[in-house]
Amino acid sequence: MNTGLKLRMHEKIKETLLEDITYKDIGVEGIFSEDSQASADLLAKEDGVICGLEVFLESFKILDKKAKADFSVNDGDSIKKGDKIGTVYCNAQAMLSAERTGLNFLQRMSGIATMTRKMVELLEGTKINLTHKRKTASGLRVFDKYSVFVGGGKNHRYNLSDMAMLKDNHISAAGGIIKAVYSVRKNSSFTTKIEVEAETIEQVYEALESGCDIIMLDNMSFEEIKKSTKIIDKKAIVEVSGNISMENLKEYRDLDIDIISCGALTHSVKALDISLKNMKML
């Protein structure tokens with residue numbers, strides 16, 4: 001697990017638990033004593049890639065510092081429907097109060113990792129890297145980006161401070177690509193990378209002339225992409241974006257591009273079905 005996620009997960013999970021428990025868990029505290037202990041099995045209900053096991057366990061540890069789990073897999077491993085992923089041991093009240101929070105994180109993260117893995121496999125044998133966009137769930141970006149990485153994808157910029165990405169509104173307001181890039185270069189550190197969005201062949205020429213580091217070909221046809229890559233001629237990194245899905249990804253395999261960015265990896269993810277079952281009192 002990366003450092004950023006380790007630093008943020010406790011705070012974010014605690015915030016999520018507080019959505020569920022403003023004062024007390026009426027059902028749990030009405031049945032179980034404070035010192036009751038329990039175990040439960042974590043089960044896969046469909047095939048996929050597991051991701052977020054430490055985040056899942058941390059959901060229980062916030063309510064019970066002694067909570068522990070025996071996992072039979074690690075983040076990034078493939079799981080099959082019916083697999084026992086592991087067993088959780090902790091205070092019974094904590095287990096039931098944190099169950100939904102832990103599963104919400106684990107299911108979303110595993111869903112992202114699963115979709116990413118499937119798409120990465122479709123690009124296997126090419127030089128093309130798959131990445132996400134900044135279209136993550138609010139407050140969950142570090143979790144979403146980690147999940148893409150676990151699935152085999154590459155991480156794009158984390159936030160607006162990582163690099164300059166000049167899109168249509170930046171360009172039109174600045175008076176063109178060259179003016180926009182010049183202004184950013186003038187007012188930024190020498191370490192700053194600049195990416196420019198190009199929607200037309202004319203903009204590709206202008207982006208290349210501007211000296212930007214990355215040119216993103218946005219919503220272009222295959223013929224336009226082929227023409228653009230010849231114009232760029234490896235003088236900049238080429239990213240392709242727009243309406244890319246599992247269904248059409250194979251069509252991009254033979255293009256001379258470096259990166260494919262897909263917003264669906266994080267904004268349209270389907271959670272992987274995972275359950276906590278077979279709870280037993282110890």
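Here's a check for you: in segment 119-133, which residue that is part of a loop (DSSP other than H, G, I, E, B) and either crowded, with 17+ Cβ neighbours inside 10 Å or of a type in the set (Ser, Thr, Tyr) (or both) is nearest to the chain's Cα centre (by Cα)? Can you show your working first?
Kept after step one, since they are part of a loop (DSSP other than H, G, I, E, B), are these residues of segment 119-133: 123-128, 132-133.
Okay, now just the ones that are also either crowded, with 17+ Cβ neighbours inside 10 Å or of a type in the set (Ser, Thr, Tyr) (or both), so 123, 126, 128, 132.
Working: LEU123: 18, THR126: 22, ILE128: 18, HIS132: 7 Å.
Here the answer is HIS132.
Kindly list, by first and then second residue, each pair from a residue in segment 260-275 that is in contact (Cβ under 8 Å) with a residue 60 or more places away in the chain and farther than 25 Å from ILE128 by Cβ to a residue that is of a type in the set (D, E, K, R) and open to solvent by 10 Å² or more (accessible area, probe 1.4 Å), limited to pairs with Cβ atoms under 6 Å and residues at least 6 apart or on different chains.
ALA271/ARG108; ASP273/LYS45; ASP273/GLU46; SER275/LYS45
Quick one: would you say LYS235 is assigned to a loop (DSSP other than H, G, I, E, B) and either surrounded by 15 or more Cβ atoms within 10 Å (Cβ to Cβ) or at pLDDT 95 or above (or both)?
Numbers: assigned to a loop (DSSP other than H, G, I, E, B): yes; either surrounded by 15 or more Cβ atoms within 10 Å (Cβ to Cβ) or at pLDDT 95 or above (or both): yes.
When the stated conditions are applied, LYS235 passes them.
Could you please let me know if ILE194 is under 20 Å from LEU123 (Cβ atoms) and of a type in the set (A, V, I, L, M)? I'd like the intermediate steps shown before the answer.
Numbers: under 20 Å from LEU123 (Cβ atoms): no; of a type in the set (A, V, I, L, M): yes.
Criteria not met by ILE194.
Would you check which residues across segment 181-228 are under 21 Å from ASP162 (Cβ atoms), among the charged types (D, E, K, R) and touching a strand residue (DSSP E or B) at 6+ places or on another chain (Cβ under 9 Å) and list them? Talk me through it step by step, then tell me what you get.
Filtering segment 181-228 for residues under 21 Å from ASP162 (Cβ atoms) gives 181-198, 207, 210-218.
Filter once more, so that each one left must be among the charged types (D, E, K, R): 185-186, 193, 195, 197, 213, 218.
Correct list: ARG185, LYS193, GLU195, GLU197, ASP213, ASP218.
Of the residues that sit in segment 1-34 and are hydrophobic (A, V, I, L, M, F, W, C) and within 21 Å of the chain's Cα centre (by Cα), which one is most open to solvent (accessible area, probe 1.4 Å)?
Selected residue: LEU7.
Test MET246 against the stated conditions and say whether it is within 18 Å of the chain's Cα centre (by Cα) and part of a loop (DSSP other than H, G, I, E, B).
Working: within 18 Å of the chain's Cα centre (by Cα): yes; part of a loop (DSSP other than H, G, I, E, B): yes.
Judged against the criteria, MET246 is a match.
The values are calculated or read from the model by the stated rules, or taken from the named source; none is laboratory data. Given the structure is predicted, the values throughout are model-derived calculations rather than measurements. With ideal geometry, Cβ positions are generated from the backbone for all residues, glycine too; neighbour counts draw on all protein chains shown. The area values use the complete protein model at the heavy-atom level, side chains included, leaving out ligands, DNA and RNA. Shrake-Rupley method; radii C 1.70, N 1.55, O 1.52, S 1.80 Å.
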